[in-house]
Amino acid sequence: MDFSEQDVDVFGEDYDVHDGGAEAEADGGGDSSGSSSPSSSSSSSAAASSSSSSGGSSRSSSGGAGGEGEDGADEGDGEEHDSSNLAGTRGTGAGGYRDDERGEDEGEEVEEERDLFGSDNEDYVRTPARSNYLVPVLPAIRNTNNHSRGGFGGRGGRGPPLLPRPGGHPGRHNFGYGRFGNGRNVEGFVSDLKLNKSEETLSRKAVAFQEPCEFASFSRVEGGAVYFDDRSLRLFKREICDYVGADLNKGFESFVEKKDLGPEGFGDLLACIRNSPITLQNNIHFVTYRNNLNKILATAYLREPWKMGVHKRKGVVYLDVHKLPERPKSEMERRRCYWGYSFENLATENSFSEDGGGIDANVEFCSVIKTKLGAHRIVMGAEMDCCDATDDGRRFYVELKTSRELEYHTVEAYEKEKLLRFWIQSFLAGVPYVVVGFRNDAGILVRTERLRTKDITQKVKAKNYWQGGVCLAFADEVLCWLYGTVRENEDYILQFVHPFNRLELLRAQSPCPEAITLHVQQLSGAAD
């Protein structure tokens, strides 16, 4: 049989024969012995398959028992053929043979088959080891964390960026550039605490929080007078659910809004501390109102601006409340604010009349508490809405809140933000219960709900909205950084402002509040 014709019959006219395959056909076209030249063995896999197919035809005609079955079905009959024909077929992988079955019959010719570079090998060897092009020199990397050197601002004099920013892409807000590493040139800058730790990292940090303990209190009555007792403390009305349907707008016209007392309010807290029988000088690290701690703990999740004064005297850091400038409130905003005071009036005994007449937001009761967060002992003043008592007469406080009635699309925001604020405010002061009055847009009370403070975190835990432990761990880092940074007899401003990527400690432009100075002097005089 003519092997070349059999090849054409098997692969058809579309078979692309390489140069090596053509030589194999030319050498073996008139020779029926089945031997092939080295050039046929070094051809491509397709050509080798052709040779293998020819060998299969040879076995079928000479042995008579091979048949024309599928590829590899007669693999066991291969040893019946002579060595020359076997060498030609073993040189390929398309005939069904494994590479480890190659015999020594191929000799040096096998080495030629493994020449991977082919005809391009000589050009590859002649490639020089060194490039003719110069090595590029990159600009020096600028260390943005070194604030002691000059050349701040912009890109450090390196010119425009290499590639333009694609259109529609938000800017980088100068993160990593500028005078202090984030592009903000803040006057009086002292230090900062970058918010670069993830929630997962903070959640691994277990921070101890001591159970709050009340050791003093004071009351502010109508007219602004302050007394170191609990005369302004109101009793919780347990039948508040009976008032569902009440109009919280009643009494709005006679409402007396809360005044900003400024340093005077902080002075009342310090006076109450001095009046207490417990000596706290040189035994505490921070003195503050709870409001400042609320802001610090909430910053772990919320991005809202705030400021507070920081003054270190005799080893104690006093955190003074600073209110940010606000635009004038509209009548609707003032009315919504009043609804909260109106609900407090409905939910408490010995308060103002139930019709809301004469509600004064300046009348308040403040509990003075000592606690410990991490390594720092804290004394704070916390305004309490009302109290209740257990059957054995033990008094506990209750926090009163109002919120718009929930809908399916507002539940998530309520649990992410409002419940976080409720928990922080109640947890820090050791308040066990929160009673929420839900109202509609017209200010009508539609329902009430009592929450246990310790259950609030469980309520949101499954949804992974926030973690109370993360708030405590974050606050501990802030207090550690703050106490270790501020210096004795110096005054600062701690602020959290846009772009909300760090806490900034600045030099105060105004002197220490007189209330703090007098407090320290009186404590020193009493100690002498």
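Can you name every residue in region 187-203 that is without any contact (Cβ under 8 Å) to a residue 24 or more places away in the chain and either touching a Gly at 6+ places or on another chain (Cβ under 9 Å) or assigned to a loop (DSSP other than H, G, I, E, B) (or both)? Those that are without any contact (Cβ under 8 Å) to a residue 24 or more places away in the chain and either touching a Gly at 6+ places or on another chain (Cβ under 9 Å) or assigned to a loop (DSSP other than H, G, I, E, B) (or both): ASN196, SER198.
Got at least one residue in region 504-514 being closer than 21 Å to ARG303 by Cα and open to solvent by 50 Å² or more (accessible area, probe 1.4 Å)? No: region 504-514 contains no residue that is closer than 21 Å to ARG303 by Cα and open to solvent by 50 Å² or more (accessible area, probe 1.4 Å). For region 258-298, a residue qualifies if it is modelled with pLDDT under 90, within 24 Å of VAL431 (Cβ to Cβ) and surrounded by 15 or more Cβ atoms within 10 Å (Cβ to Cβ), and the qualifying residues are SER276, LEU280.
Let's see how each residue does on (1) surrounded by 20 or more Cβ atoms within 10 Å (Cβ to Cβ); (2) touching a residue at least 24 places away in the same chain (Cβ under 8 Å); (3) assigned to a helix (DSSP H, G or I):
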{"position": "LYS416", "(1), (2), (3)": "no, yes, yes"}
{"position": "VAL435", "(1), (2), (3)": "yes, yes, no"}
{"position": "VAL460", "(1), (2), (3)": "no, yes, yes"}
{"position": "TYR465", "(1), (2), (3)": "no, yes, no"}
{"position": "PHE474", "(1), (2), (3)": "yes, yes, yes"}
{"position": "TRP481", "(1), (2), (3)": "no, yes, yes"}
{"position": "GLY484", "(1), (2), (3)": "no, no, yes"}
{"position": "ASN489", "(1), (2), (3)": "no, yes, no"}
{"position": "GLN495", "(1), (2), (3)": "no, yes, no"}
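Here SER219 meets each of (1) under 13 Å from THR348 (Cα atoms); (2) outside any loop (DSSP other than H, G, I, E, B) with one exception, condition (1).
Flag set for TYR301, criterion: buried (at least 16 other Cβ atoms within 10 Å of the Cβ), touching a residue at least 40 places away in the same chain (Cβ under 8 Å) and assigned to a loop (DSSP other than H, G, I, E, B). Pairs under 6 Å by beta carbon, first residue in contact (Cβ under 8 Å) with a residue 24 or more places away in the chain and closer than 24 Å to ILE296 by Cβ in region 365-393, partner open to solvent by 40 Å² or more (accessible area, probe 1.4 Å) and among the aromatic types (Phe, Trp, Tyr), six or more apart or different chains? Here the result reads LEU373/PHE209; GLY381/TYR289, each pair linking region 365-393 to a residue that is open to solvent by 40 Å² or more (accessible area, probe 1.4 Å) and among the aromatic types (Phe, Trp, Tyr).
The set of residues from region 375-395 being surrounded by fewer than 21 Cβ atoms within 10 Å (Cβ to Cβ), in contact with a strand residue (DSSP E or B) (Cβ under 8 Å, 6 or more places away or on another chain) and closer than 19 Å to VAL207 by Cα comprises HIS376, ARG377.
Taking region 287-297 as the range and being farther than 14 Å from GLU199 by Cβ and not in a strand (DSSP E or B) as the test, the residues that pass are ARG290, ASN291, ASN292, LEU293, ASN294, LYS295, ILE296. When VAL431 is tested against (1) outside any loop (DSSP other than H, G, I, E, B); (2) crowded, with 17+ Cβ neighbours inside 10 Å, only condition (1) is not met. Just for region 209-228: of the residues that are under 40 Å from the mean Cα position of the chain (by Cα) and open to solvent by less than 70 Å² (accessible area, probe 1.4 Å), which one is farthest from ARG377 (Cα to Cα)? My answer is SER217.
The values are calculated or read from the model by the stated rules, or taken from the named source; none is laboratory data. The structure displayed is predicted, hence computed values, not measured ones. Cβ atoms come from the backbone with ideal geometry, glycine included; neighbour counts cover every protein chain shown. Heads up: the accessible areas ignore ligands, DNA and RNA and are worked out on the full protein's heavy atoms, side chains in. Shrake-Rupley method; radii C 1.70, N 1.55, O 1.52, S 1.80 Å.
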